[in-house]
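**Q** Have a look at this one before I ask anything.
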Amino acid sequence: METADAVVIGGGVIGTSVAYRLAKERKVILLERKEIGGQTSGNCDKAIILQSKKPGFPIKLAKASRRIYDQLEEELETSIEYNKNGGMILIEKEEHLNFMKKFVDRQNKAGLRVKLIDAKEAKAFQPYLSDNLVGATYSTEDAEVNPLLLTQAFSRAARRSGVDIRLYTEVVGIDCQNGRVVGVKTDRGYISTELVINAAGPFAGEIAEMVGVPLTIIPRRGVILISEKVPPMIHGNILCSQYIAAKHQSEEYGKAPPFGIGLSLGQTDSGNLLIGGSREFTGYNKEINPELLASIASHAIRMVPSLGNVQIIRSMIGFRPFTGNGLPIIDEVPGVQGFVIAAGHEGDGIALAPITGILVASLVAGESNYKDLLEPLKLKTE
Amino acid sequence: MRISNHPVLENTAGDEIEFTFDGKKYLAKQGETIAAALLAHNIRILRYSMKEKRPRGIYCGIGHCYECRVLLDGQVSVRACLTRVRDNMTIVSEREDSNEF
Amino acid sequence: MNFDLVIIGAGPAGMSAAIKAAENGVSVAIIDENPEVGGKLLGQLYKDSKSGWWIGQKIADELGKKLTDLNIAFFLEEQVCGIFPRWEVLLSSGERLHGKYIIIATGAAEKALPIPGWTLPGVMAIGAAQMLTNYHRVKPGEKIAIIGIDPLSLTIAYDMRLAGIHVVGIYLPKKSEFSHMKAEPKQLISYLSNFVHVLPNPFLKLFGKMLKYPVIQNLAITYYPSFGIKVFGVPLHIRKAVVEIVGENQVDAIKVEKVDKNGSANGKMEEVTVDCVCISGGLYPLGEIARVAGCEFAYLEEVGGYVPLHNENLETTQAGIFTAGNITGIEGANVAIEQGNLVGLVISDRLGLLKNSKEIIKAKKKVLLAREEAVISFQPQIEIGKEKIAELWNKRMNE
């Protein structure tokens, strides 16, 4: 019978990062239903934005992950187009100015350097911005990465470390005996193991159900437009205050816009612009309508009018794993020994992938060095 | 060079119109595409690639490969093989510094 | 805007479908990204032993006139940005066309053959050279080399000679992962001998006489003269491959190498001065829009690549979306026209506008007949491929 020290379920950015870290000490098998990075991790933007996170623990977690990024290209022995170009949140309306001021204050108190700048300063940094903006926030701590390269880099590094990656292999059941995991059933055979990492992203709920654990991770759909290659026109990443409102959707920010539209704009090294995006709860429905695409485009053009002269070559649809509290779950399920969840990163999977791998490795090794980061990520049982 | 006196096909008639390419004036036949009009004047280079700055011209001729992109009256990425020449058009070969956003 | 039927692609298949449907009272919109209708027809020119010259442009003009007479709505110089359920077509101008039924008739595109220097201005797909020569009447070059020997490239080489263009030779491509049998003389000859019965011009006739029997095929390869055989003044080099296209800002020359029966280099290199190189890598069905619409696909070598799965009425796996023409497999315009007629009738029937449904049976027979009688065919195994599609469709429906 086939055996492994650990089975990682899911070949996205989280699963590959976790498998890579676990492989240092274990024989690991990674199971992926389709292709590496083919779902959520291959249909997202490229921002590693810290200043959009909620002040407090989310910022602390993001900063810990961001520090790992600084050495990641060296460690993974490949370029992931990681750039510390800073990030900007545009403020389009006077009524957003107040809450953005408060937001910036709280970020600075949480130890994140964010500056409120006026429209003129913003335009000096990003020459293609609209003249109608009220101002912007700017942080040098924001960065960007190519998510496709990142997932491939983790996957290759994992392979080099001995991880057995199996594509087109679907998990159909998880075998438990006396409250502990003993094996994984796949459509291509049985693997005996005492450790399973559920890194199935938006599908993590379906996997958790196999051990009888209800997990409320639901898919939140995000649509992003991709432009033709154009000369460099965007430095770092640009969000807008409406994005912050849509992301946190708190009462104080007012009513959510249609389709949850908020700007997220970045440019790849090859010149393509990634123009986001929407945030909607529509299940796994991939059908979209022209209004949605038009809304994303017209919102972006309002902030960066020159985008009106750029051709869109395609759009992508990603399902982000939404947990409800803006944080992922990284925890061993109580009562099911050996079943660990590392999922629910919503739109922060790219930003948090490096730390997630390390946290899972620390958790399963029973170490206490990351207790402060793991504690708030525990599974809430009610 | 144009083909005249085809043994099988009827000769094509058409009024001549004037257009500008990279600052020079040329004549085209009414109804023909930018790519055909330029090739009739032996002009093959329509743009330069973004990274290596290598010259590019017509490849597929049916709008699929996007190699023949030109800048037309300020509009970027117009396909020369699908777009008809119109009187007094201003066309510029596409290169990085010619893109205006 | 609302229509009964929205057709994407105004080539032979799309236009005939539009005409048949409109004749039965269906309201039709037809979209194309070209400034005029006709598609691949516009560049076609060859001699048909039965009916004389096939002048594609004339046929396109006739079909186009019918479209106008039937008050079909044209949307030219428009790109399709997306198809949204059930069913809305978004155009690049922002116009949105709502259709009870959709026909995707996007035709085919050409495969490229990767040869060093292929991005230089002056290198073009053979189909581009065909349009320039026969439609625009502009010489693709003053001295032209053609890479790739197949029914399409031979036909177009003939068209070029007809137009008084100097073709310095037709060569094999360099052997590579992508060239397949196109770079191997022995296999190529055997492939070309499949077309013996449908030879439209002197090039193919030459092969036909020479290559009817396997023994002679082998001898022909072994004793093929190194200077090529001249037909219509054009040397046909079945034992020479182009290994590089050279030039600073545009094509100046090609580097040519002698090859053995299997396409491996075995001789010295020579340089031939040219200002234009036409690459014939073969056609493949153009299915992108059908993919976007969610249609399921199958890969079938026999029909030329990935095609949307469809039944004998040419309906895809997405209810209400039909397909016709080269997107269903690489064939000549006559087959595309008959497929268009068929799908136009099927949709008229669905809308309750067809008076005599026996017409559909007749139209199906006509598609098969056109396939049998095709003057130029590209895929020798097309009929086997079509049977496989039918099997796959039945299998899927029984799932």
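The values are calculated or read from the model by the stated rules, or taken from the named source; none is laboratory data. Since this is a predicted model, take the numbers as computed values, not measurements. Using ideal geometry, Cβ is built from the backbone for each residue, glycine included, and neighbour counts are taken over all protein chains shown.
**Q** Could you list, in sequence order, the residues of the stretch C:145-168 that are hydrophobic (A, V, I, L, M, F, W, C) and under 16 Å from residue C:233 (Cβ atoms)? Quick ask: steps written out before the conclusion?
**A** Start the filter on the stretch C:145-168 by keeping residues that are hydrophobic (A, V, I, L, M, F, W, C), which leaves C:145-147, C:149, C:152, C:154, C:156-157, C:160, C:162-163, C:165, C:167-168.
Correct list: C:145, C:146, C:154, C:156, C:157, C:160, C:162, C:163, C:165, C:167, C:168.
**Q** Could I ask something else about it? If I ask for residues that are modelled with pLDDT of 95 or more and surrounded by 15 or more Cβ atoms within 10 Å (Cβ to Cβ), which ones from the stretch C:257-279 would you list? Show your work before the answer.
**A** Step one: list which residues in the stretch C:257-279 are modelled with pLDDT of 95 or more, which gives C:271-279.
Listed by number, the residues that qualify are C:272, C:274, C:275, C:276, C:277, C:278, C:279.
**Q** For the stretch A:292-335, how many residues meet the condition of being out of contact with any helix residue (DSSP H, G or I) (no Cβ under 9 Å at 6 or more places or on another chain), closer than 30 Å to residue A:380 by Cα and of a type in the set (Val, Ile, Thr)?
**A** 1
**Q** Only residues that are surrounded by 24 or more Cβ atoms within 10 Å (Cβ to Cβ) and closer than 18 Å to residue A:175 by Cα: list them for the stretch A:2-25, please.
**A** The answer is A:6, A:7, A:8, A:9, A:10.
**Q** All but one of (1) touching a Pro at 6+ places or on another chain (Cβ under 9 Å); (2) among the aliphatic types (A, V, I, L, M); (3) in a loop (DSSP other than H, G, I, E, B) hold for residue B:9, so report the exception by its number.
**A** So the condition that residue B:9 fails would be (1).
**Q** May I ask you to verify whether residue C:159 is away from every other protein chain (no Cβ under 11 Å) and acidic (Asp, Glu)?
**A** No: the conditions fail for residue C:159.
**Q** Within the bounds of the stretch C:179-198, is there any residue that is within 12 Å of chain B (Cβ to nearest Cβ) and either more than 28 Å from residue C:324 (Cβ to Cβ) or at pLDDT 95 or above (or both)? Let's see the steps before the verdict.
**A** Applying the first criterion (within 12 Å of chain B (Cβ to nearest Cβ)) to the stretch C:179-198 yields none.
For the stretch C:179-198, residues within 12 Å of chain B (Cβ to nearest Cβ) and either more than 28 Å from residue C:324 (Cβ to Cβ) or at pLDDT 95 or above (or both): absent.
Rundown of residues vs (1) under 27 Å from residue C:324 (Cβ atoms); (2) touching a helix residue (DSSP H, G or I) at 6+ places or on another chain (Cβ under 6 Å); (3) within 8 Å of chain B (Cβ to nearest Cβ), yes/no style:
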{"site": "C:103", "(1), (2), (3)": "yes, yes, no"}
{"site": "C:109", "(1), (2), (3)": "yes, no, yes"}
{"site": "C:113", "(1), (2), (3)": "no, no, no"}
{"site": "C:116", "(1), (2), (3)": "no, no, no"}
{"site": "C:128", "(1), (2), (3)": "yes, no, yes"}
{"site": "C:133", "(1), (2), (3)": "no, yes, yes"}
{"site": "C:150", "(1), (2), (3)": "yes, no, no"}
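**Q** State yes or no: is residue B:2 in contact (Cβ under 8 Å) with a residue 12 or more places away in the chain, more than 9 Å from every other protein chain (Cβ to nearest Cβ) and either over 12 Å from the mean Cα position of the chain (by Cα) or more than 26 Å from residue C:248 (Cβ to Cβ) (or both)? Don't jump to the end; show me each part of the working.
**A** On the way: in contact (Cβ under 8 Å) with a residue 12 or more places away in the chain: yes; more than 9 Å from every other protein chain (Cβ to nearest Cβ): no; either over 12 Å from the mean Cα position of the chain (by Cα) or more than 26 Å from residue C:248 (Cβ to Cβ) (or both): yes.
So residue B:2 fails the test.
**Q** Return a yes/no flag: does the stretch C:102-110 have any residue that is part of a strand (DSSP E or B), farther than 27 Å from residue C:342 by Cα and under 21 Å from the mean Cα position of the chain (by Cα).
**A** Pass one, the stretch C:102-110, residues part of a strand (DSSP E or B): C:102-104, C:108-110.
Those left that are additionally farther than 27 Å from residue C:342 by Cα: none.
No.
**Q** Just to check your reading of the model, which residue among C:221, C:216 is under 29 Å from the mean Cα position of the chain (by Cα), modelled with pLDDT under 75, in a helix (DSSP H, G or I) and β-branched (Val, Ile, Thr)?
**A** Working: C:216 fails: under 29 Å from the mean Cα position of the chain (by Cα).
Only one candidate passes the filter, namely C:221.
**Q** Give the number of residues within the stretch B:5-20 that are surrounded by 13 or more Cβ atoms within 10 Å (Cβ to Cβ) and away from chain C (no Cβ under 14 Å).
**A** Taking the stretch B:5-20 first, the residues surrounded by 13 or more Cβ atoms within 10 Å (Cβ to Cβ) are B:6, B:8-9, B:12, B:17, B:19-20.
Narrowing the set further to residues that are away from chain C (no Cβ under 14 Å) leaves B:17, B:19-20.
Adding up the residues that qualify gives 3.
**Q** Do we have residue C:144 as more than 13 Å from every other protein chain (Cβ to nearest Cβ) and not in a helix (DSSP H, G or I) here? Break it down stepwise before answering.
**A** Numbers: more than 13 Å from every other protein chain (Cβ to nearest Cβ): no; not in a helix (DSSP H, G or I): yes.
When the stated conditions are applied, residue C:144 does not pass them.
**Q** Does the stretch C:147-163 contain any residue that is under 16 Å from residue C:276 (Cα atoms), in the same structural domain as residue C:252 (by the TED database) and in a strand (DSSP E or B)?
**A** Within the stretch C:147-163, one or more residues are under 16 Å from residue C:276 (Cα atoms), in the same structural domain as residue C:252 (by the TED database) and in a strand (DSSP E or B).
**Q** Still on this structure, I have one more. Only one residue in A:224, A:244 is hydrophobic (A, V, I, L, M, F, W, C) and at pLDDT 90 or above, so which one is that? Don't jump to the end; show me each part of the working.
**A** Numbers: A:244 fails: at pLDDT 90 or above.
The unique qualifying residue is A:224.
**Q** Quick check: anything in the stretch C:173-184 closer than 26 Å to residue C:47 by Cβ and either touching a Cys at 6+ places or on another chain (Cβ under 8 Å) or of a type in the set (A, V, I, L, M, F, W, C) (or both)?
**A** Just the residues of the stretch C:173-184 that are closer than 26 Å to residue C:47 by Cβ, to begin with: C:182.
Filter once more, so that each one left must be either touching a Cys at 6+ places or on another chain (Cβ under 8 Å) or of a type in the set (A, V, I, L, M, F, W, C) (or both): none.
Checked the stretch C:173-184: no residue is closer than 26 Å to residue C:47 by Cβ and either touching a Cys at 6+ places or on another chain (Cβ under 8 Å) or of a type in the set (A, V, I, L, M, F, W, C) (or both).
**Q** Let me ask something else. Which of the residues belonging to the stretch B:5-35 are without any contact (Cβ under 8 Å) to a residue 24 or more places away in the chain and hydrophobic (A, V, I, L, M, F, W, C)?
**A** Once the filter is applied, which keeps residues that are without any contact (Cβ under 8 Å) to a residue 24 or more places away in the chain and hydrophobic (A, V, I, L, M, F, W, C), the stretch B:5-35 yields B:8, B:9, B:13, B:27.
**Q** Still on this model: In the stretch C:143-159, how many residues are within 23 Å of residue B:33 (Cα to Cα) and at pLDDT 95 or above?
**A** The total comes to 2.
**Q** While we're looking at this one, here's another question. State all residues of the stretch A:200-246 that are on the phi > 0 side of the Ramachandran plot and surrounded by 21 or more Cβ atoms within 10 Å (Cβ to Cβ); if no residue qualifies, say none.
**A** Hits for the stretch A:200-246 are A:201, A:236.
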